[in-house]
Each structure stands twice: as structure tokens, then as C-alpha cells.
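The values are calculated or read from the model by the stated rules, or taken from the named source; none is laboratory data. Everything numeric in this text was worked out from a predicted model, so none of it was measured. Ideal geometry is used to build each Cβ from the backbone, glycine not excepted, and the neighbour counts take in all protein chains shown. Just the protein is used for accessible areas: all its heavy atoms, side chains included, with ligands, DNA and RNA removed. Shrake-Rupley method; radii C 1.70, N 1.55, O 1.52, S 1.80 Å.
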Amino acid sequence: LTRLFGFSAEEMVGRKGPLDVVVPEQHAFIRDQMRARAAGVAGHQYEIRAVRKDGSEFPAMIYGAPTVIEGHPASVGTLLDISSQKMAEERIRELTDYDVLTGLPNRRLLRERFVQLLAAAERDKTEIAVIFLDLDHFKRVNDSLGHSVGDELLVEVARRLDTVVRRIDTLARLGGDEFIFA
């Protein structure tokens, strides 16, 4: 715990409690969990935002359990830093929803946003516009200059298109040299 939170043993042992290493917004929740464990209620796992000595935060998983210490009911727990897991989950979400090359939304995310756009247009009795863009003769670039140059071109096209659409609009890459605006 000392390494994880950045405190020395002297600073932590007997001086720091659970509320000292959790974001203030979660103090009431932590108090409730500690009371439940001290009352003998079986624990369960839950996530918190932990705070290091330097003020930086990290996601953590707590496994709480009731116990008795020196004849008094108490709550004990195991704390795991789940930063790596959260980063991996975010990366998986990015790979699921975004084109790896351009960083634009992919077909799956476009479909999801399109459903939302259609629902909003029906609700508000408005219209939506969809623009399909295909780069003519893109195959020639790949064939004559190589796929790496083709990839660079697609990235640059995506970057430029992104500068001309509103933030509320969706610009997506369908694949190959096809883009769509909605």
C-alpha cells in the first residue's frame, strides 16, 4: 500500500484510513461499506477512485469483508489497482468503435449514431443529410506509390474532412477509401 499510494509506512500505519485515500465524492459510499462490514454483512467487490499522496487518482477495486479485530467488529479489504485493466477496456472500446488507421468512427459506431440521428429527426420532425464520399482512383495511389503512401493519404483526407464538419456531426470511415458524413 505504501508503494501504491506514495506514503511511507510511518505516514500511513495508524495515521491514514480509507477516507484519506479515496476521492471525497465517494466518502459517504465508503462509510456505508465499512459500517456494513463492521455489522457483519458479507462484502462484495466495488470500484473506487483512489488518491495518491501526490493527489493523482487511479481506479481501484475493493474486496471488502467483515472481521473482528481485538474483539471489535471491523471491516477489512483488499485493494487492487485496476489502471491497466481500465486502459485495456478503453483500448478495446476504441478498437470496437473507431477505425485504427484514421481514428474516425467506424461502421459500427456510425450505425449507432445514425439510429440516434434518425430517432431525433423523427421526434423533432426534421430532416437529416448523409453525404457519401469515395476517393476516385485511390487504387492507383496504392498500386503506384505503395500502401504506406495510400495510408498516409487516407489519414490526411480524414484530418482535413474532420476540420470542416461540425462537432455535432459524425464523420466516419466505412473502409477503403470511403467516408460518410451524417
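Below are the figures for this structure:
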quantity	calculated
The range 73-114, residues that are among the aliphatic types (A, V, I, L, M) and over 19 Å from MET61 (Cβ atoms)	ALA74, LEU95, VAL100, LEU101, LEU104, LEU109, LEU110
The range 132-175, subset surrounded by 11 or more Cβ atoms within 10 Å (Cβ to Cβ), small (Gly, Ala, Ser) and over 27 Å from the mean Cα position of the chain (by Cα), residue farthest from LEU117 (Cα to Cα)	GLY146
Within the range 1-28, considering residues that are surrounded by 12 or more Cβ atoms within 10 Å (Cβ to Cβ), hydrophobic (A, V, I, L, M, F, W, C) and without any contact (Cβ under 8 Å) to a residue 60 or more places away in the chain, the one nearest to LEU80 (Cα to Cα)	PHE5
ARG93, sole failed condition from (1) within 30 Å of LEU174 (Cα to Cα); (2) in contact (Cβ under 8 Å) with a residue 60 or more places away in the chain	(2)
Among residues of the range 115-171, those that are out of contact with any strand residue (DSSP E or B) (no Cβ under 9 Å at 6 or more places or on another chain), touching a residue at least 12 places away in the same chain (Cβ under 8 Å) and within 11 Å of ALA182 (Cα to Cα), counted	2
Members of the range 32-63 found to be among the acidic types (Asp, Glu) and either modelled with pLDDT of 95 or more or in a strand (DSSP E or B) (or both), listed by number	GLU47, ASP54, GLU57
Condition check for THR67: of a type in the set (Ser, Thr, Tyr), over 19 Å from GLN26 (Cβ atoms) and in contact (Cβ under 8 Å) with a residue 24 or more places away in the chain	yes
Residue list for the range 80-106, filter: within 21 Å of ALA182 (Cα to Cα) and either among the β-branched types (Val, Ile, Thr) or touching a Cys at 6+ places or on another chain (Cβ under 7 Å) (or both)	THR96, VAL100, THR102
Matching residues, the range 99-131, being in a loop (DSSP other than H, G, I, E, B) and open to solvent by 100 Å² or more (accessible area, probe 1.4 Å)	VAL100, LYS125, GLU127
Candidate set: the range 70-84, residues that are touching a residue at least 24 places away in the same chain (Cβ under 8 Å) and not in a strand (DSSP E or B); chosen: the one farthest from the chain's Cα centre (by Cα)	ILE82
